[in-house]
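Written out below as structure tokens is the structure these notes cover.
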Amino acid sequence: MTPASSTYVQTRKPSRIGRPGIMAGAIVFLAIVIFASLAVGKGGVSASMAMNAIFSPTNLSDAEAALMELRVPRTLLATLAGAALGVSGAIMQAVTRNPLSDPGILGINTGAALAIVLGTGFLGIDGSYGPAWLAISGAALTAILVHAIGFAGSREAAPVRLTLAGVAITAMLGGIVTAILLLDPVKFDRIRGWNTGALSGADVNVMLPIAPFIAAGLLLAALNTRSLNALALGEDVARAMGANVTSARLVGGLAATLLAAAATAGAGPIPFIGLMVPHLVRGVARADQRWTFAFALVLSPALLLTADILGRVLLRSGEIPAGIVMAVIGVPVFILLVGREKGVRS
């Protein structure tokens, strides 16, 4: 077993509460954050007004109607995108056996964003499902490119080399996206807000097209957990256990790409969620991908919703997009995680 893989499967003693108990607490926490997302922010909507709008959606005041029209779709989009990004990151870490994998760090989010900018801005591809298909195409091509660089010259990609390839590709594609958006600020005004991870423009027309892709990605992830559990023990052990390593990686890669691309199409390229949450739950989930995915499905939306809430209240006027808040939170966490991965060698 390589040093990287031994680092990946390292576990701690499980909590005395047990995983079901911790999961129940995580679900309660998500419910609290969802309610806070509906009740907190500018516009004079109190917690009691939010409760009334949710449980008695008739004869609403103007403020309560605005809550239902603006904050409910925003909260639903953050929940969908957060779940997709968290599970996508967990899949990537399992498939590559690289604890630093993440859709943002490996360039998949930025590749999806570039495809959307090029397709909608220059090719006129629009409509309900156009951006989602563009995002999936861009994400898939970027994933192939990053892994081709990471595996160049060796049978197995070292985690640090794969991460560096992803960071380099992300920087390059991100620069291209920024340059395109600056070419015509008026034309790309809507895309500029989306590119920062702003959730304020969420509506049903944004969520409906991405929901089937997220559902398909989650289903593939659930069906692949047994193979990924075996793969976490090493390729030779996985084959001895009867797992098809190639199939596990292909299905896992497809699921991760669908999830990350759909989330990016809806909410923009939001970083670090897929990195932070799997690390946060590893001590509880241990090497069992079923529990890792389940915790990521619950806690990742809570993290993105928390970032969105912070973005609403940190400034007296205006908002900070959730993507920028996540970048501010995620960069120091990423540096800390890199320092902790002492067993990883390039």
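The values are calculated or read from the model by the stated rules, or taken from the named source; none is laboratory data. These figures come from a predicted structure and were not determined experimentally. Heads up, the Cβs are rebuilt from the backbone with ideal geometry, glycines too, and the neighbour counts pull from every protein chain shown. Quick note on the areas: whole protein, heavy atoms, side chains included, nothing else; ligands and nucleic acids left out. Shrake-Rupley method; radii C 1.70, N 1.55, O 1.52, S 1.80 Å.
Looking only at region 225-242, which residues are closer than 19 Å to residue 257 by Cα and either in contact with a Lys or Arg (Cβ under 7 Å, 6 or more places away or on another chain) or open to solvent by 10 Å² or more (accessible area, probe 1.4 Å) (or both)?
Across region 225-242, the qualifying residues are 225, 227.
Check region 248-256 and report whether any residue there is surrounded by fewer than 24 Cβ atoms within 10 Å (Cβ to Cβ), β-branched (Val, Ile, Thr) and within 22 Å of residue 73 (Cβ to Cβ).
Taking every residue of region 248-256 in turn, none turns out to be surrounded by fewer than 24 Cβ atoms within 10 Å (Cβ to Cβ), β-branched (Val, Ile, Thr) and within 22 Å of residue 73 (Cβ to Cβ).
What's the total number of residues in region 175-193 that are over 13 Å from residue 120 (Cα atoms) and not in a loop (DSSP other than H, G, I, E, B)?
Matching residues across region 175-193 total 7.
Tell me, which residue of region 12-54 that is outside any helix (DSSP H, G or I) and at pLDDT 75 or above is surrounded by the most Cβ atoms within 10 Å (Cβ to Cβ)?
40
Go over the candidates 312, 282, 345 one by one and state the one that is touching a Pro at 6+ places or on another chain (Cβ under 6 Å) and either part of a helix (DSSP H, G or I) or modelled with pLDDT under 90 (or both).
Exactly one of 312, 282, 345 is touching a Pro at 6+ places or on another chain (Cβ under 6 Å) and either part of a helix (DSSP H, G or I) or modelled with pLDDT under 90 (or both), namely 345.
Residue by residue through region 55-105, note down the ones that are of a type in the set (D, E, K, R), part of a helix (DSSP H, G or I) and under 18 Å from the mean Cα position of the chain (by Cα).
74 - this is the single residue of region 55-105 that is of a type in the set (D, E, K, R), part of a helix (DSSP H, G or I) and under 18 Å from the mean Cα position of the chain (by Cα).
Only residues that are farther than 17 Å from residue 130 by Cβ, open to solvent by 10 Å² or more (accessible area, probe 1.4 Å) and not in a loop (DSSP other than H, G, I, E, B): list them for region 258-279, please.
276, 279
Taking residue 221, is it surrounded by 17 or more Cβ atoms within 10 Å (Cβ to Cβ), at pLDDT 90 or above and among the small types (Gly, Ala, Ser)?
Criteria met by residue 221.
Kindly check whether there is at least one residue in region 223-240 that is free of Cβ contacts under 8 Å to residues at least 40 places away in the same chain and touching a Phe, Trp or Tyr at 6+ places or on another chain (Cβ under 9 Å).
no
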